[in-house]
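Enquirer: Would you mind keeping the following structure in view while I ask a few things?
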Amino acid sequence: MNGDQPSAVFGRRGRESRAPVAPVYRAARPARAIGIIACLVGLTGLLLAVAGAIFWTLPGIGRADAEAARAEQKVVEIVNQPVTHLPRSGSFSVFSPGWFHPGATKPDFNNVDVRATQELTYEGYVTSDLNPTEMFIGRELEFNAMTKYFYTDRTLPKRRLSATEMAEINGLYRVIGRDGQAVLMRWLVIIGLVVAGLCLASTLLLQIRRPPPT
């Protein structure tokens, strides 16, 4: 009888040690599920915030582009004002080929001063091989490398601009430069937001596809 008792006692202790294990494991499963749900909700919220920031930034690009376009159009109007046309007669100088070399340098809109690059090189009456029946008054004309970018009709010379008009162009150039930088910065922000959104979306998909705990 005494030899059987230790064995019975040992068996009972073994069963008692296993009993608490199952409740602890079952309690961990709901906590993990809640954590996953909270993570999904948080990632979804961040993704929506990124999308909202992108849609908030896009209108600013449109406004800056529109303002720059208005400034450029105003520069075009100032630079391409009409000049006096006269029939050829008497003595005149002929420029060939045409009035201007091909191409044009894009101005540094943030820094250039068009007053410093104005060239008053025309004297007397002048014309070109592009204007076989006309001539123009040299003192009314100019050339400016920093406004040539906006020359629309290169078959005609350009009217000499006043100091007030050149100061206005300088101001318009600053608007163009500022808006150009604003558009660039906003596009960089959008690119960064898109990258962040893709990363968040990837994380969200991984969380959704992760198999549930067993």
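Enquirer: Calculate, in nm to one decimal, what Glu119 and Ala51 gain on full extension: separation in residues at 0.36 nm each, minus their alpha carbon distance.
Expert: Values: separation 68, 0.36 × 68 = 24.48 nm, distance 5.14 nm.
Taking 0.36 nm per residue and subtracting the Cα distance, the gain is 19.3 nm.
Enquirer: While we're on this one: Cα centroid distance between region 117-189 and region 63-83, in Å?
Expert: 11 Å
Enquirer: Moving on to the next point. Which order do you get for Lys74, Lys106 if you rank them by accessible area with a 1.4 Å probe, largest at the top? Let's see the in-between values first.
Expert: On the way: Lys74 80, Lys106 130 Å².
From most accessible down to least: Lys106, Lys74.
Enquirer: In what order, largest first, do Thr133, Thr155, Thr127 sit by accessible area if the probe radius is 1.4 Å?
Expert: Largest accessible area first, the list is Thr133, Thr155, Thr127.
Enquirer: Would you check the accessible area of Trp99, probe 1.4 Å, heavy atoms only, in square angstrom rounded to 10?
Expert: 20 Å²
Enquirer: Here is a follow-up. What percent do you get for the relative contact order of region 66-214 when only Cα pairs under 8 Å and 6+ apart count? Before the final figure, lay out each step's value.
Expert: On the way: 186 pairs, mean separation 47.0, N = 149.
This gives 32 percent for region 66-214.
Enquirer: Could you name the aspartates and glutamates whose alpha carbon sits less than 12 Å from that of Lys74, not counting residues in the same chain fewer than 8 places away?
Expert: Glu165, Glu168
The values are calculated or read from the model by the stated rules, or taken from the named source; none is laboratory data. Worth saying up front: this structure is predicted, and the values here are computed from it rather than measured. Ligands, DNA and RNA are stripped out before the accessible areas are found, and what is left, the full protein with its side chains, is counted by its heavy atoms. Shrake-Rupley method; radii C 1.70, N 1.55, O 1.52, S 1.80 Å.
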